[in-house]
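Note sheet for the following structure.
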Amino acid sequence: MDYQKHFFEIYATLESIENTGEVAQYIPELSRIDASKFGVSLTTIEGKTFSFKDANEKFSIQSIVKVLSLILAYKELGKELWKRVGVEPSGSPFNSLVQLEYEKGIPRNPFINAGAIVIADVLVSILKKPKEDFLKFIQNIARDNSITYSKKIALSEKQSAHRNMALVYLMKSFKNIKNDINEVMDFYFSICSIEMTCEQLNKSFLFLANNGSCPIQQKEIIRISQSKRINAIMQTCGFYDESGDFAFRVGLPGKSGVGGGIVAVHPGKYCVSIWSPKLNKKGNSFLGTKFLEDFTTRVESSIF
């Protein structure tokens, strides 16, 4: 498959489409991103990589990291984890307080903000040095020690985190946050600030296209049954309250972030990552979603 040719041809068609999205405004540091950036990279489970345009430029992966934090918590706690966070689509904005109160402090899934904060609380409990240990976990998966946090972005998130703080205090009132709130939120802001390129994202997620084992390292990251469940949650919950629409249009499990990134996997075939900073009204990359829709249609490569 000549993926490079498809990338070029699809991008050429997208250039004629008005990009009506906007970069994330509520995190000051993200609002300064060059909105014209666009990168895409695909890595097959055989280890071949195809990249296009800005695929080697680092960006803030934001909520994409929630998949990796979930995986580490799930590895440690197993099915006990689901007592504190659900696996259902939210149908509500990713920072909704209303749904959280109605459900007595148990977040609907691990990818909305409240759910990811609970996962952060779990990792603060089980890791000796949470920030160092989590970063090392990602670096080991990707075999890349250059992956790191952005102190500037983490601080920017912290300064504009009023709703996230409301979420964590509400969950604390329902006894679903066990640790000191400031410690949990410092960890949460830090992991969301991690920067990667599209190619680094592929390396970090390729094991989910290979039944939980990294095909390059020949190393099991999570069990097959756990990989199946992570992919299922990405398929149903990975794009906030637009997850159903993404599944309908693209047909791949994946996760988005408000930095404009999207990562998606085709089990048994490849991992693909896209970066285009302008977001639609649901907080997902406008051009990134369009590109993936056209790509999976063109190469007949959805899971359905």
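Dipole of the chain, Cα-centred, from +1 at each Lys and Arg C-beta and -1 at each Asp and Glu C-beta, to the nearest 20 debye?
820 debye
Phi angles of segment 127-135 translate, via the Karplus equation with coefficients 6.51, -1.76, 1.60 and θ = phi - 60°, into HN-Hα couplings of 9, 5, 10, x, 5, 5, 5, 5, 4 Hz per residue; Gly and Pro are given as x.
Candidate cross-link partners of Lys203 among the aspartates and glutamates, defined by an alpha-carbon separation under 19 Å and a same-chain spacing of 8 or more, comprise Glu46, Asp54, Glu57, Asp133, Asp144, Glu195, Glu220.
For segment 59-75, backbone phi angles converted through the Karplus equation (6.51, -1.76, 1.60; θ = phi - 60°) give residue-by-residue couplings of 9, 6, 7, 6, 5, 4, 5, 5, 5, 6, 5, 4, 4, 5, 5, 5, 4 Hz, Gly and Pro being listed as x.
Measuring between alpha carbons in the structure, the pairs from Lys66/Lys290; Lys83/Lys228; Lys131/Lys269; Lys37/Lys136; Lys37/Lys228 lying more than 25 angstrom apart are Lys131/Lys269; Lys37/Lys136; Lys37/Lys228. The charge dipole of segment 151-304, taken about the Cα centre with unit charges on the Cβ atoms of Lys, Arg (+1) and Asp, Glu (-1), comes to about 200 debye, rounded to the nearest 20. Cross-link reach is defined here as a Cα-Cα straight distance under 16 Å, omitting same-chain residues fewer than 8 places apart; for Lys79 the aspartates and glutamates meeting it are Glu88. Per-residue ellipticity at 222 nm from helix content only, as computed over the chain with -39500 (n - 2.57) for each DSSP H run of at least four residues, stands at -13000 deg cm²/dmol.
Values in this text are rule-based calculations from the coordinates and carry no lab data. If you're wondering where the values come from, they're calculated on a predicted model, not measured in any experiment. No Cβ is skipped: glycine too gets one built from the backbone with ideal geometry, and neighbour counts run over all protein chains shown.
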